[in-house]
Amino acid sequence: MKTLFAHRGMSSLAPENTLAAFSLCRQLGIQWIECDVDILADGTVVVSHDDTLDRCTDQSGNLAELTKADLNDIDAGSWFHDDFIGEPIPTFEQLITLVNQHELNINVEIKSCSAGWAMTDKLIANVITALAQLDTGRGLIVSSFNHLALAEFKCRRPQTSVACLFEAASLGDDWESVMQACGADYIHPEDQHLTQAMVARFKSAGYKINVYTVNDLARANQLFNWGVDGVFTDIAHRFPSKYKLRGK
Ligand code: G3P
Ligand code: MG
């Protein structure tokens, strides 16, 4: 069974990385979600792709300068559509509650914290604390472009499967030593410039492969025929029913 990851939730139907975007998944038959996590000044882990508010909220500024109380005044939905006015930036704890309730599986992408290693260290620690609330039956993959942070996470929570993210430009000949250093089970390469030969190399080295971000059905089909295990997509709802929960 090939896996669709709803990238930042159903991010073409609802504002990305909000509970509204994630809560659409189950009803559309999508079993896996991808989210990005970062940290506020007070240690609160939040679900956000960017480390600033500027692109996806009604305000500007750095997440690293906010506390949990500030989230009450930030609207992460009105930029997208009137239906989502007042939708907040969720905490990671809130998302875990939703994942448990909707019986989803989750890929948590730890953002490369721009506030320095001390905060990155805290982000890892607080993600691990929050994950204790994830029901045992839920699927979990933790990934990062920051391979130092990912290796640190794996040391502290070895029972969790981890994935190294690679941009096309950073996927060098040393990719396998990076994977080994992280104890990675999965490789998450960028779609751009990914070839059948590269997929074959990853497979023959024993890794599972999930490719980001694939918003073209024919390209997803090609990747699956090459042996790719899953794709991250903003248009999971448009994929055929064979990729979804039965009856959706
Ligand atoms: O985890 C896959 C994908 O989300 C990585 O890129 O920038 O969308 O977080 P980005
Ligand atoms: Mg991501």
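The values are calculated or read from the model by the stated rules, or taken from the named source; none is laboratory data. Here the structure is a predicted model, which means the values were calculated and not measured. Quick reminder, even Gly has a Cβ in these numbers, built from the backbone with ideal geometry, and neighbours come from all protein chains shown.
Overview of results
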| quantity | calculated |
| --- | --- |
| Test: residue in region 80-94 that is within 19 Å of SER143 (Cβ to Cβ), of a type in the set (Asp, Glu) and under 18 Å from the mean Cα position of the chain (by Cα) | no |
| All positions within region 91-106 that are more than 16 Å from ligand 1 (Cβ to nearest atom) and closer than 13 Å to GLY43 by Cα | THR91, GLU93 |
| Among the candidates PHE5, PHE22, residue that is within 15 Å of ligand 1 (Cβ to nearest atom), in a helix (DSSP H, G or I) and modelled with pLDDT of 95 or more | PHE22 |
| Residues within region 55-75 that are on the phi < 0 side of the Ramachandran plot, more than 16 Å from ligand 2 (Cβ to nearest atom) and assigned to a loop (DSSP other than H, G, I, E, B), tallied | 8 |
| Long-range neighbours under 6 Å by Cβ, at least six apart or interchain, first residue farther than 13 Å from ASP185 by Cβ within region 135-162, second part of a helix (DSSP H, G or I) and of a type in the set (Ser, Thr, Tyr) | ALA149/THR120 |
| Pairs where the first residue, in region 165-176, is farther than 15 Å from TYR207 by Cβ and within 16 Å of ligand 2 (Cβ to nearest atom) and the second is of a type in the set (S, T, N, Q) and assigned to a loop (DSSP other than H, G, I, E, B), C-beta under 6 Å, 6+ apart | ALA168/GLN192 |
| Hits in region 25-54 - residues which are more than 14 Å from ligand 2 (Cβ to nearest atom), over 18 Å from THR97 (Cα atoms) and not in a strand (DSSP E or B) | LEU28, GLY29, LEU40, ALA41, ASP42, GLY43, LEU53, ASP54 |
| Breaking point among (1) surrounded by fewer than 18 Cβ atoms within 10 Å (Cβ to Cβ); (2) within 15 Å of ligand 2 (Cβ to nearest atom); (3) outside any loop (DSSP other than H, G, I, E, B); (4) of a type outside the set (D, E, K, R), for ALA118 | (2) |
| Residue that is within 16 Å of ligand 1 (Cβ to nearest atom) and surrounded by fewer than 19 Cβ atoms within 10 Å (Cβ to Cβ), where the choices are THR233, THR213, THR195 | THR213 |
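So that you can scan it fast, the table gives a plain yes or no per residue for (1) outside any helix (DSSP H, G or I); (2) closer than 20 Å to ALA64 by Cα; (3) within 16 Å of ligand 1 (Cβ to nearest atom):
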| position | (1), (2), (3) |
| --- | --- |
| ILE89 | yes, yes, yes |
| VAL108 | yes, yes, yes |
| VAL127 | no, yes, yes |
| CYS155 | no, no, no |
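Yes/no matrix, rows are residues, columns are (1) modelled with pLDDT under 95; (2) surrounded by 14 or more Cβ atoms within 10 Å (Cβ to Cβ); (3) more than 29 Å from ILE30 (Cα to Cα); (4) over 20 Å from the mean Cα position of the chain (by Cα):
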| residue | (1), (2), (3), (4) |
| --- | --- |
| ASP73 | no, no, yes, yes |
| ILE110 | no, yes, no, no |
| ILE128 | no, yes, no, no |
| ALA132 | no, no, no, no |
| ALA163 | no, yes, no, no |
| ALA168 | no, no, no, no |
